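The numbers here are math on the coordinates, done by the rules we state, and not lab data. Bear in mind the structure is a predicted one, so any value in this text is a computation, not a measurement. Virtual Cβ from ideal backbone geometry, glycine too; neighbours counted across all protein chains shown.
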Amino acid sequence: MIKFSHIGLRYGIGPEVLSDVNFTLEPGSFHFLSGPSGSGKTSLMSLLYLGLKPTRGEISMFGHDIKSLSREQLAYMRQKVGVVFQDFRLLNNLTAFENVALPLRLSNKSEKQIRSDVSELLEWVELGDYMHRNPMTLSGGQQQRIAIARAVISKPRLLLADEPTGNLDDTIGYKLMGLFEQLNRMGTTMVIATHNQQIMDQFYHKKLVLNDGILTVEEPRNMVHAQGEV
Amino acid sequence: MSLFQRITPKSYILPLHKRSGSVQFFTIIMLMTAMLVIIGAVQISLMNTVQKWKSLIEHQASIEIPSLDENGRAYSSDELNMMTQRVVALLENIDYTRDVQIESTEQIAKLIGPWLGNDNKVLDMNLPVLINFNIQTDDKSFIDQLTSRIKKLAPRARLQTHQKWLDKFLQLVRGIHGIGLLIVSVTLVATLFVISSTVRARMAIYKKELSLIHIMGAHDRFILRQFLIYLSYLTVPAAFLGLILAFVMMSIISALFLNADTAFIPHFGVNGGYLIKLLFIPLVICFMSIAIGSYTVINEMKKMP
């Protein structure tokens with residue numbers, strides 16, 4: 001379970017970009033995160049993958065208050081979170097295989113296990129024939145699948161995706177959402193940041209809506225507005 | 001895959017060696033090591049030569065009894081002989097003086113030969129008397145006392161202990177040493193800054209990649225390992241190439257300019273003793289690189305949440 005209690009975030013001495021944010025993500029839940037540009041989506045995502053520390057409030061992740069964790073423990077905590085970035089952020093000096101293998105190397109998995117897991121996953125995302133190619137030589141869609149494979153290879157408990165369908169046409173976008181649904185059914189908690197209203201309407205999941213740093217939670221279908229518990 | 005990636009372990013994943021700067025870093029480390037090795041060799045050579053000079057000159061003294069009196073009149077051989085015997089007797093009766101020897105006329109002729117010629121005519125001239133002896137103290141009052149006692153026996157005799165100019169020479173050597181140490185210190189500090197700024201620059205260039213692996217759960221020590229692999233794969237060969245470069249340069253200089261086989265000129269030889277002493281310099285550079293690199297990375301990493 002992930003719980004944000006009275007979270008505030010400001011950069012330097014600037015105004016708060018997130019104000020008194022409260023929500024809970026139950027294990028195996030699926031949420032969309034939406035809001036206009038500059039509403040604080042990226043900041044909220046950064047807090048979720050522990051890339052930033054809140055200026056106030058408390059974050060509890062998988063039963064731990066993150067304030068009480070050492071740097072070493074925080075690193076272990078981050079290994080439980082998979083992130084798919086909008087710009088993929090693949091390392092271009094590594095092959096597709098090595099990019100996907102990266103989280104396993106960070107968690108000191110054996111070379112044998114890395115070889116079998118990565119090959120299997122790349123076959124699953126239909127990139128088995130491209131595993132030794134440099135990501136730069138692949139199409140945008142293929143790069144995105146590598147980014148997704150990298151995010152899920154270590155079986156994260158929480159998967160965050162930032163505008164995953166932003167650069168894709170509708171068909172591939174829906175296919176990708178199908179993949180996320182599949183991962184969610186396997187037990188992964190999902191948070192998908194998106195602007196795509198069609199996608200949000202198509203898939204009935206709760207929405208975390210940010211407006212000027214203030215978070216509201218919208219239920220699917222009947223869109224009940226509520227502040228606080230999800 | 002580049003050669004760098006081929007030879008580095010699999011855990012090296014950040015392309016720190018790519019983009020400009022690595023070749024320059026390699027070259028600077030190599031040249032700084034070469035400079036430090038050359039300065040080190042000069043210092044060692046100078047010390048060795050000073051030791052040789054000291055062992056040859058220290059505690060050695062000589063008395064010269066000129067062949068002419070204060071009015072320019074030549075002493076008769078009897079007069080000279082008498083003064084010499086008295087001085088020798090005095091020296092032999094003092095505890096602090098030993099091994100008293102009167103230089104033969106032939107030996108003195110040989111010494112002044114370069115100025116007056118080496119023919120037999122020199123032997124016909126009135127040559128001064130030279131008494132060499134070993135003096136076991138450098139106490140100034142004793143030397144003053146001895147000088148005045150010798151003057152009473154041979155008024156124009158001059159005592160030369162070599163101590164004065166040896167002291168001045170040692171002072172000069174100490175000065176050169178000090179300058180050498182200053183250059184070494186400045187070079188080491190400059191090397192320290194080069195290593196530190198290279199690491200900082202690499203961290204800034206690869207900020208995106210670093211923050212990516214940090215987000216993915218890389219421990220600080222994993223990121224540190226990236227930099228240590230990068231630094232050691234550049235510093236170790238650069239430092240040892242610098243050592244080789246310095247030896248080549250010293251051998252050339254030694255062969256061209258310092259090949260006189262004498263104890264009085266510093267000799268830059270690449271022998272076992274030198275090698276062991278000078279091997280410490282690239283080792284120190286490598287150690288510095290690892291230590292400063294680690295410190296810089298850990299400090300910079302602390303800025304990440």
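Values for this structure:
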{"item": "Between 0 and 90°, nearest 10: helix A:140-152 axis offset from chain A longest Cα axis", "result": "70 degrees"}
{"item": "Averaged over A:102-111, number of beta-carbon atoms from partner chains that fall within 10 Å", "result": "3"}
{"item": "Electrostatic dipole magnitude of chain A [Cβ: Lys, Arg +1; Asp, Glu -1; Cα centre; debye, to 20]", "result": "680 debye"}
{"item": "Two-decimal Rg to Rh for the stretch B:60-161 - Kirkwood Rh, Cα set", "result": "0.98"}
{"item": "Inter-site label distance for B:GLU92 and B:LEU46 at 7 Å from Cα along Cβ, in nm", "result": "4.5 nm"}
{"item": "Length-normalised contact order for the stretch B:60-161 - Cα pairs under 8 Å, 6+ apart - percent", "result": "49 percent"}
{"item": "Summed residue charge, Cβ within 13 Å of B:ILE215's Cβ, Lys/Arg positive, Asp/Glu negative", "result": "+4"}
{"item": "Value at 222 nm in deg cm²/dmol, rounded to 500, when DSSP H runs of n ≥ 4 in the protein assembly as shown each add -39,500 (n - 2.57)", "result": "-17500 deg cm²/dmol"}
{"item": "Net charge over other residues, Cβ less than 13 angstrom from the Cβ of A:LEU74 (K, R count +1; D, E count -1)", "result": "+3"}
{"item": "Dipole-positive endmost among A:PRO135, B:LEU170, B:SER196 within the protein assembly as shown (Cβ charges, Cα centre)", "result": "A:PRO135"}
{"item": "Residue of B:ILE285, B:ILE213, B:ILE28 that the Gaussian network model of chain B assigns the largest fluctuation, springs spanning Cα pairs under 10 Å", "result": "B:ILE213"}
{"item": "Across A:LYS112/B:LYS302; A:LYS3/A:LYS67; A:LYS112/B:LYS18; A:LYS112/B:LYS207; A:LYS155/A:LYS175; A:LYS41/B:LYS18, pairs whose alpha-carbon gap is larger than 24 Å", "result": "A:LYS112/B:LYS302; A:LYS112/B:LYS18; A:LYS112/B:LYS207; A:LYS41/B:LYS18"}
{"item": "Average other protein chain Cβ within 10 Å of Cβ, residues B:206-215", "result": "4"}
{"item": "Residue among B:LEU278, B:LEU166, B:LEU212 with the largest mean-square fluctuation in a Gaussian network model of chain B, springs linking Cα atoms under 10 Å", "result": "B:LEU212"}
{"item": "Charged-residue dipole, Cβ positions (Lys, Arg, Asp, Glu), the protein assembly as shown about Cα centre, Debye nearest 20", "result": "760 debye"}
{"item": "Relative contact order of chain A, pairs being alpha-carbon contacts under 8 Å that are 6 or more residues apart, as %", "result": "29 percent"}
{"item": "Charge context of A:ALA193, other residues only, Cβ under 10 angstrom, K/R +1, D/E -1", "result": "-1"}
{"item": "Residues A:ASP87, A:ASP169, A:ASP162, B:ASP138, sorted so that the one with the fewest Cβ neighbours within 10 Å comes first", "result": "A:ASP169, A:ASP87, B:ASP138, A:ASP162"}
{"item": "Span-like helix ranges in chain B, DSSP H, alpha carbon extent 30 angstrom or more, Kyte mean at least 1.0", "result": "B:22-57, B:163-205, B:220-257, B:272-301"}
{"item": "Likely footprinting exposure, A:HIS205, A:HIS195, B:HIS17, fewest C-beta neighbours within 10 Å first", "result": "A:HIS195, A:HIS205, B:HIS17"}
{"item": "Using a Förster distance of 45 Å, the FRET efficiency for B:ASP167-B:ALA201 (Cβ separation, nearest 0.05)", "result": "0.35"}
{"item": "Fewest-first ranking of B:ILE281, B:ILE290, A:ILE199, using other Cβ atoms within 10 Å as the exposure measure", "result": "B:ILE290, A:ILE199, B:ILE281"}
{"item": "Whole-number percent relative contact order across chain B, with pairs defined as alpha carbons under 8 Å at least 6 apart", "result": "33 percent"}
